[in-house]
Amino acid sequence: MDQVLSIFMLPKKDQGYCNSWNICHHILGYGIVVTVIANIFEGIMGVKKLKWGYVGILGVLAFITAVLEVFRYINSKRLVQYVESTSNS
């Protein structure tokens, strides 16, 4: 609910606390995802095959997420370098 309602409280880009807002928003989002995963684990503790299947799916999704985060980081660094190089010329 907090994630949905936060769109109405989103600060403008020129305000100083926009970066802090993004950090808090991401931490809250990751916390919600971790809570959901833990809740599902708690619900399927009795079935061993289902548990290992879920672990496998989570492992694949975690790997894909890590790869995409690395790509996002590299692209953001390239964009910053491109902007700096075009603004200096």
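Of the options 46, 57, 67, report the single residue whose Cα projects farthest towards the positive end of the charge dipole of the stretch 46-89 (beta-carbon charges: Lys, Arg +1; Asp, Glu -1).
46
Along the principal axes of its C-alpha atoms, what lengths does the stretch 46-89 span, in descending order and rounded to whole Å?
64, 11, 6
Each reported figure results from applying straightforward, stated rules to the coordinates on display, with no laboratory input. Since the model is a prediction, treat every value here as computed from it, not as a measurement. Here Cβ is always computed from backbone atoms with ideal geometry, including for glycine, and neighbour counts include all displayed protein chains.
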